[in-house]
Amino acid sequence: MAQPLTSQRDVDSVGSKGVIKRNEYVRIITRALYSLNYNMTADLLQEESRIPLDSSEVKLLKKQVLDGNWEESVKTLCTISLLDKATRSLASFLILEQKFLKFLRMDDNVLDALNVLRKEIVPLGINLNRVHELAAWIISPSGYRNTDQDTESARSEILKKLLNLLPPSLVIPPTRLETIIEEALDLQRGACLFHNIFDSDLSLYPDHQCGRGRLPSSIKQILQVHTDEVWFLQFSHDGKYLASSSKDQSAIIWQVMDGGKVSWKHTLIGHQKPVLTVSWSPDDNQLLTCGEDEVIRRWDANLGQCLHVYEKIGVGFISCAWSPDGRVILAGMTNKSFSLWDVNGAELDFWEENTLRISEMAITDARDMIVSICRGDTIVFLDWEEKRCRKLIQEEEVITSFSLSKDNKFLLVNLTNQEIHLWSLEGYPQVVARYKGHTRSRFIIRSCFGGCEEAFIASGSEDTQVYVWHRRSGKLIQALDGHSGAVNCVSWNPVNIYMLASASDDGAIRIWGPDPRMDQYGLGFKSCT
């Protein structure tokens, strides 16, 4: 029986689709082996495959540069046909500069150096500032004496610069294989709607697909200590504590144990009205609680003791925030004004914004802008020092709440029309994603960023569910049942990316984590360090 002929395509390509050229594939592997210092294996691969890493011209060019043979290096460069005019000029300039310096370093060779400059370097018509420097060295040689001498290590650096100028088809970058693999992983990670694992857990062996088992979807605990509606909750920056506030006029500090269990630590008593919000200090050692149209209290988070009460006669507070250095407290008041206090209670500054009811506020990490809601449908960014508007975000509907991303580059805005908008704050602010599915008709519903690299958006809802969307695509990926009242607020643990907390009108806090039945990788809980 006649043996079937092997097609030329099968010989010249690898892979089932025939799009990977065998020659390129082998050369990239060889380059990677050399980068890993597997030099003998790389040599054997070239010998067995009969596919050299470098062309004969490139090999010769490398040797001539390392030997300091600049005259011949220029000639060899001219024999390489794949170079465009611009690349050839840049590479020639680099080599001829070394030829010029070689003559300049030799006694009685200034005329030869001048000839190289006038007849070979200047005609290239590039890098004129450098040409002027070289010309000055002929007159005053003190400048070039500070340059690298013509040593083996110096020539190696010149060769590295030269090879970086050449196209990848001639000189494969040392990390080309790693770049291809990393880009493939990035594409798989970006296509994974449920991606919520750390890079250290990624593997090259299977195609990456997380599955729902990596998201908090199962109730791990129900915390029932508050005696009325829970309006707000927030994890500490280090993820070790959770603070909640309630209509029952109290706030509670909870501790997140190493195994993921959340336990009661302190109940903070002292407010005479419902507690609207809480705010952790940057070092997580202190907590602010803001009563509804009442006072702000500062607490020692470890001891549960009240350290100071901030109040103004005839005016109540409705919001509060820490400066990034933890030295200043910003308060929004019922008379539509801002107030700045030091931690000991001295009022540092005060200014009025007659169009504002400052029910939401934040301070950027750079401490250069105050973010707040004004006129219902607008968010204003105020300059910290000058107290003037730096930029505005105009929304389509009335804004109920917002939250800043960890990197301060994005803003998540909740609206009365049952939409959540994601704004990019870099350059000219613009909406980059919209999230729909939750319900809101009467109450303030809050949302948050969360998960690995804040890849998800979570929100409460008046229909008693917690909603989670994929941040980039805007797709709704799960709605979590469990509460029996409106879910007012959610908070995603910034360290344990598998832990989500929700607060509800049913008086309970629910702690959500991955469903172990859906954990296809068996990774369990794991925290960032």
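Taking Rh as the Kirkwood radius computed over C-alpha pairs, what is the Stokes-Einstein D of region 370-499 at 37 °C in a medium of viscosity 0.692 mPa s, expressed in µm² per second? Present the calculation step by step, with values, prior to reporting the outcome.
Details: Rh = 15.1 Å.
Diffusion coefficient, whole number: 217 µm²/s.
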Expressed in angstrom, Rg and Dmax over the Cα atoms of region 294-447 are 16.0, 45
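If a/c stays under 1.5 just call it rounded; otherwise compare a/b with b/c (prolate if a/b is bigger, oblate if not). Do that for region 32-133, with a ≥ b ≥ c from the square roots of the Cα gyration tensor eigenvalues.
Numbers: a/c = 2.91, a/b = 2.12, b/c = 1.37.
Here region 32-133 falls in the prolate category.
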Rg from C-alpha atoms of region 373-439, normalised by the globular rule of thumb 2.2 N^0.38 Å, equals 1.11
Say R0 is 56 Å: what FRET efficiency, to the nearest 0.05, do Asp515 and Arg105 get from their beta-carbon distance?
0.20
Roughly how many debye, to the nearest 20, is the charge dipole of region 202-349 about its Cα centre, given +1 on each Lys and Arg Cβ, -1 on each Asp and Glu Cβ, and no other charges?
440 debye
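Under a Cβ-only charge scheme (Lys and Arg +1, Asp and Glu -1), can you give me the dipole magnitude of region 277-402 about the Cα centre, in debye to the nearest 20? Don't jump to the answer; show the numbers that get you there.
Working: 12 positive and 23 negative charges, 36 e Å.
Roughly 180 debye, rounded to the nearest 20.
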Nearest 10 degrees, 0 to 90: helix 85-105 Cα axis against the chain principal axis:
70 degrees
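So how do 488-498, 190-200 stack up, highest first, on mean other-Cβ count within 10 Å?
On the way: 488-498: 23.0, 190-200: 16.0.
Going from most to least packed, we get 488-498, 190-200.
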Between 0 and 90 degrees, rounded to the nearest ten: what's the tilt of helix 22-35 against the longest Cα principal axis of the chain?
80 degrees
Using a 1.4 Å probe over the heavy atoms of the protein chains, calculate the carbon and sulfur portion of the accessible area of the chain as a whole percent.
51 percent
The number of Lys pairs in region 232-370 whose alpha carbons lie under 27 Å apart, excluding pairs fewer than 8 residues apart on one chain, is 11
Student exercise, the chain dipole from Lys, Arg, Asp, Glu Cβ charges, in Debye to nearest 20
1040 debye
Kirkwood Rh (inverse of mean 1/r, distinct Cα pairs), region 182-236, angstrom:
14.4 Å
So, in nm, how far is label Ile313 from label Ile477 when the simple model puts each one 7 Å beyond its Cα toward the Cβ?
5.6 nm
Can you give the alpha-carbon Rg of region 61-108 over 2.2 N^0.38 Å, where N counts its residues?
1.19
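After finding the eigenvalues of the alpha carbon gyration tensor for region 214-312, what semi-axes result from the square roots of 5 times each, listed largest first in whole Å? Before the final figure, lay out each step's value.
Values: eigenvalues 107, 48, 24 Å².
Listed largest to smallest, the semi-axes of region 214-312 are 23, 16, 11 Å.
I'd like the FRET efficiency for Glu453 and Lys63, computed as 1/(1 + (r/R0)^6) with the beta carbon distance as r and R0 of 45 Å, rounded to 0.05. Don't skip to the end; give the middle numbers.
On the way: r = 46 Å, r/R0 = 1.03.
The pair Glu453/Lys63 has a calculated efficiency of 0.45.
What number do you get for the chain when its Cα radius of gyration is normalised by 2.2 N^0.38 Å, N = residues? Show your work: numbers first, answer last.
On the way: Rg = 32.5 Å, N = 529, 2.2 N^0.38 = 23.8 Å.
In units of the globular-protein estimate, the chain measures up at 1.36.
As an exercise, find the ratio Rg/Rh for region 122-247 from alpha-carbon atoms, using the Kirkwood inverse-distance average for Rh. Show your work: numbers first, answer last.
Details: Rg = 29.8 Å, Rh = 22.4 Å.
Ratio value, two decimals: 1.33.
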Compute the acute angle (0 to 90°) between the alpha-carbon long axis of helix 128-139 and the principal axis of greatest extent of the alpha-carbon atoms of the chain; round to the nearest 10°.
50 degrees
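Could you provide, to the nearest whole Å², the per residue accessible area of the chain with probe 1.4 Å? Write out the running numbers ahead of the final one.
Numbers: 26570 Å² over 529 residues.
Value for the chain: 50 Å² per residue.
The values are calculated or read from the model by the stated rules, or taken from the named source; none is laboratory data. Keep in mind that what you see is a predicted model, and the values were worked out from it rather than measured. No Cβ is skipped: glycine too gets one built from the backbone with ideal geometry, and neighbour counts run over all protein chains shown. Please note that ligands, DNA and RNA were not included when accessible areas were found on the heavy atoms of the full protein model with its side chains. Shrake-Rupley method; radii C 1.70, N 1.55, O 1.52, S 1.80 Å.
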